[in-house]
Amino acid sequence: MIDELDLAFDEQVDKTKPRHRRGSRGKGGKSAVAFLMVFILLGVLGVGGYLGYEKIKGFFTAADYDGPGTDPVQVTIAKNATLTDIGNTLVDSDVVKSTAAFTEAADQNPKGKNIQSGTYNMRKQMAAEQAVTVLLDPKSRVVAGVVVPEGTTARKTYELLAKGTGVPLKDFQKAAKDPAALGVPDFWYKRRDGKKAATTSIEGFLFPDTYEFPPKSTASEILTIMVQRFLSVTKDLDFVDKVQDNLSVSPYEALIVASLSQAEAGIAADLPKISRVAYNRAYKKSMPLQFDVTTNYWLDLQSKTGKHSGSMTQAELEDPKNPYTTELRVGLPLGPINSPGEAALKGAEAPTAGPWLFFVAVDKSGRSAFATTNAEHDANVQKACRNGIPLC
């Protein structure tokens, strides 16, 4: 009937048009069906009341499990993951049924946005609300924490990692032999001073920090995480460009200076000044650094205990077998002697301006006095002796 009326109307408007109108008929049929569906839906809502609402609501409710879950499972939440990212991870592990259910539950929890990265003990097929509660509970977190202090040598770092993670010491020693495989870019071993670099040493690149490694991580994976942390910190500091542009030295040379000042400084405030002394002696005066800490590093490589400067023998200081010696050789040593922290890196990339060539710790707090001439330095040494520093 509708099509006949429509056709009659068309004939009244223009009787010259052909009466064969398939396009118009098809369009009118679809409109009628859509209108009929809307009418039925409205009727169901109006007549069915609550029953109709419950059926329609199912189309808009996120799929969710009920209860505390079934089988235990460990889930690792990535660093800087969004709630959606976390929800996707949980769905992949069959912890929650849908990402939407998880994000809704997290939004409804006052602390839902405080979920931290890490590995958690959870259960499969948990209600989203309970999954959020578990992720906010510190007791659910699987922690394999290791603290690596600033200035720690690679050899001692392996020992800390082995003790803290249970991974055999020999695994770290083996993995460390290939810095490139651990993520150290090749350019980091370039030098501008014409001297050889310790290209097979990971020393300096294992950034000192507090780490929580994922369970069952291998030695290579753990060392890679530490290298990536180093690269992240130096990128944030713009370390590479600053030392090349402002100091005209390579990043590797600046890293060596950072490690030297890290070992020598008694207080953080002295780091930029000690770095300046290193640069002045290595580049401006072309003289031996005479930093006793490089002798201690050689002792460490031989698994020997380090010594205070006043206790070192001349034979130890001038050991010709020591490739890191700064007593006999002019300029910077073969490579870094420890893992410097962020403050030491900052001091090396932006050393304090000054003509100093000497420094010595003058009190028991570790504060250093700086000098330009031998006479000034001798006076500072006498001051240190009076303050009980074992130099005389």
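The values are calculated or read from the model by the stated rules, or taken from the named source; none is laboratory data. Everything numeric here is computed off the predicted structure, so don't read it as measured data. Neighbour counts are summed over all protein chains in view; Cβ atoms, including those assigned to glycine, are modelled from backbone coordinates with ideal geometry. Surface areas here come from the heavy atoms of the whole protein model, side chains and all, with no ligands, DNA or RNA. Shrake-Rupley method; radii C 1.70, N 1.55, O 1.52, S 1.80 Å.
Brief remarks follow.
- Within the range 211-237, the set of residues being more than 18 Å from residue 173 (Cβ to Cβ) and open to solvent by 70 Å² or more (accessible area, probe 1.4 Å) comprises 212, 216, 228, 229, 235, 236.
- Index of the failed condition, residue 237 passing every other in (1) out of contact with any Leu (no Cβ under 9 Å at 6 or more places or on another chain); (2) modelled with pLDDT of 95 or more: (1)
- Selection within the range 94-111: residues that are surrounded by fewer than 19 Cβ atoms within 10 Å (Cβ to Cβ) and of a type outside the set (S, T, N, Q). The member of this set that is nearest to residue 68 (Cα to Cα) is 94.
- Lone qualifier among 262, 302 - being over 22 Å from residue 186 (Cα atoms) and under 26 Å from the mean Cα position of the chain (by Cα): 262
- Every residue from the range 241-250 that is closer than 17 Å to residue 190 by Cβ and surrounded by fewer than 20 Cβ atoms within 10 Å (Cβ to Cβ): 241, 242, 244, 245, 247, 248
- Selection status of residue 270, farther than 23 Å from residue 155 by Cα and either in contact (Cβ under 8 Å) with a residue 12 or more places away in the chain or hydroxyl-bearing (Ser, Thr, Tyr) (or both): yes
- So residue 348, is it open to solvent by 40 Å² or more (accessible area, probe 1.4 Å), assigned to a helix (DSSP H, G or I) and of a type in the set (A, V, I, L, M, F, W, C): no
- Residues being free of Cβ contacts under 8 Å to residues at least 24 places away in the same chain and outside any helix (DSSP H, G or I) - total across the range 351-376: 4
- Filter result for residue 273 (open to solvent by 50 Å² or more (accessible area, probe 1.4 Å) and part of a loop (DSSP other than H, G, I, E, B)): no
- Some residue of the range 137-146 being modelled with pLDDT of 90 or more and under 30 Å from residue 261 (Cα atoms): yes
- Number of the exception - residue 85 against (1) open to solvent by 30 Å² or more (accessible area, probe 1.4 Å); (2) under 22 Å from residue 216 (Cα atoms): (2)
- Residue pairs meeting the criteria (Cβ under 9 Å; at least 6 apart or on separate chains; first charged (D, E, K, R), in the range 161-183; second crowded, with 21+ Cβ neighbours inside 10 Å and part of a loop (DSSP other than H, G, I, E, B)): 177/202; 178/202
- Taking the criterion of being in contact with a strand residue (DSSP E or B) (Cβ under 9 Å, 6 or more places away or on another chain), of a type outside the set (Asp, Glu) and under 15 Å from residue 63 (Cβ atoms), the residues of the range 86-123 that qualify are 90, 95.
Matching residues to (1) out of contact with any Pro (no Cβ under 8 Å at 6 or more places or on another chain); (2) open to solvent by less than 20 Å² (accessible area, probe 1.4 Å); (3) small (Gly, Ala, Ser):
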{"site": "146", "(1), (2), (3)": "yes, yes, no"}
{"site": "152", "(1), (2), (3)": "no, yes, no"}
{"site": "168", "(1), (2), (3)": "yes, no, no"}
{"site": "178", "(1), (2), (3)": "yes, no, no"}
{"site": "181", "(1), (2), (3)": "yes, no, yes"}
{"site": "184", "(1), (2), (3)": "yes, yes, no"}
{"site": "188", "(1), (2), (3)": "no, yes, no"}
{"site": "195", "(1), (2), (3)": "yes, no, no"}
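- Qualifying residue in the range 370-384 (condition: crowded, with 19+ Cβ neighbours inside 10 Å and of a type in the set (D, E, K, R)): no
- Among the residues making up the range 150-193, those that are part of a loop (DSSP other than H, G, I, E, B) and touching a strand residue (DSSP E or B) at 6+ places or on another chain (Cβ under 9 Å) are 150, 151, 153, 193.
- Of residues in the range 112-125 being closer than 14 Å to residue 89 by Cβ and under 21 Å from the mean Cα position of the chain (by Cα), the one most open to solvent (accessible area, probe 1.4 Å): 116
- Residue match in the range 353-370 (condition: farther than 29 Å from residue 157 by Cβ and under 32 Å from the mean Cα position of the chain (by Cα)): yes
- Residue that is most open to solvent (accessible area, probe 1.4 Å) [pool: residues in the range 126-144 that are part of a loop (DSSP other than H, G, I, E, B) and touching a residue at least 40 places away in the same chain (Cβ under 8 Å)]: 143
- Each residue in the range 283-327 was checked for being surrounded by 22 or more Cβ atoms within 10 Å (Cβ to Cβ) and more than 18 Å from residue 368 (Cβ to Cβ), and 5 of them qualify.
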